[in-house]
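The values are calculated or read from the model by the stated rules, or taken from the named source; none is laboratory data. Being a predicted model, the structure only gives us computed values, none of them experimental. Here the Cβ positions follow ideal geometry from the backbone for every residue, glycine too, while neighbour counts run over all protein chains shown. Just so you know, the surface numbers come from the protein's heavy atoms only, side chains and all, with ligands and any DNA or RNA stripped out. Shrake-Rupley method; radii C 1.70, N 1.55, O 1.52, S 1.80 Å.
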Amino acid sequence: MARTATRGRRKAPARGKSKASSGGGLLPWAVIGIAAIGGIIAHDHWKSIQPMFAGQSASMTRETAEPRPAVRKDVSPKQVALATPLPKAVPPAPQSQLLPPATIPTPVIQPVKAVPSPLTPANPETGTVAFGYCGQGAHINCVGDGGVFWYKGEKIVIADMASPVVDQARCDGERRVAFAAKSRLLALLNAGPFTMNAAGKAEPSGAPRVVSRDGRSFGAQLINEGLARKPGAAGGAWCA
């Protein structure tokens, strides 16, 4: 009887081992079944699960890509914060670059017309400009005929003489005298400063003046040289 009891006691542990071995054999199969079920569920809901994995992988990539300064153990956190370089501030663009330059209006220069001052015998005018022959353009300082010239845009008629006009010559002799008088008057005007004295009121035909230099009239010189006559004298002698 004692042997039989001993044998029963020895068999009891053997039963426990078989139960443990059977339970340990089922655990791997349960893990495999759970993994398979999870894989099926993940496959069916992959579209909704994929953004979650993508966001986590991107954040992990940024964290690994950004280098972090190594913190020394013997340095306090305050010194580390002071040693960390601050981002450079971008200076603001100057106001001159943001706004286009304002256009500056160009003033229009208007030609100033010479206004002759009134002359009197006691207030003569002195001329000191260079003259040329008048053409088709504006007449400023030029000689038109033996007794007519323009001074600063004003038409002057020599009052103490009368000379033939080139365009109104009645014969070749009168035309030659008109050319000679015109050339002589140009030479007298360009010889130096001259004086003009008023001899009447200005008219559309011109302002009458007595032109002289050193007290000698230009009209008297042209008359003495045979290139002009006194005002009112007969002009038939030019065409002999």
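Give the residues of the range 121-155 that are surrounded by 13 or more Cβ atoms within 10 Å (Cβ to Cβ) and among the polar types (S, T, N, Q), sorted by residue number.
ASN141
Considering every residue within the range 165-183, establish whether at least one is surrounded by 14 or more Cβ atoms within 10 Å (Cβ to Cβ) and modelled with pLDDT under 85.
No, the range 165-183 contains no residue that is surrounded by 14 or more Cβ atoms within 10 Å (Cβ to Cβ) and modelled with pLDDT under 85.
Would you point out which residue out of ARG209, ARG170 is in contact with a Cys (Cβ under 8 Å, 6 or more places away or on another chain) and touching a residue at least 60 places away in the same chain (Cβ under 8 Å)?
ARG170
Within the range 146-208, considering only strands (runs of 3 or more DSSP E) that don't extend past its boundaries, which have at least 1 residues that are within 49 Å of the chain's Cα centre (by Cα) and hydroxyl-bearing (Ser, Thr, Tyr)?
The qualifying strands (runs of 3 or more DSSP E) are 148-151.
Name the residue that is modelled with the lowest pLDDT, counting only residues in the range 188-211 that are within 13 Å of GLY147 (Cα to Cα) and open to solvent by 20 Å² or more (accessible area, probe 1.4 Å).
SER205
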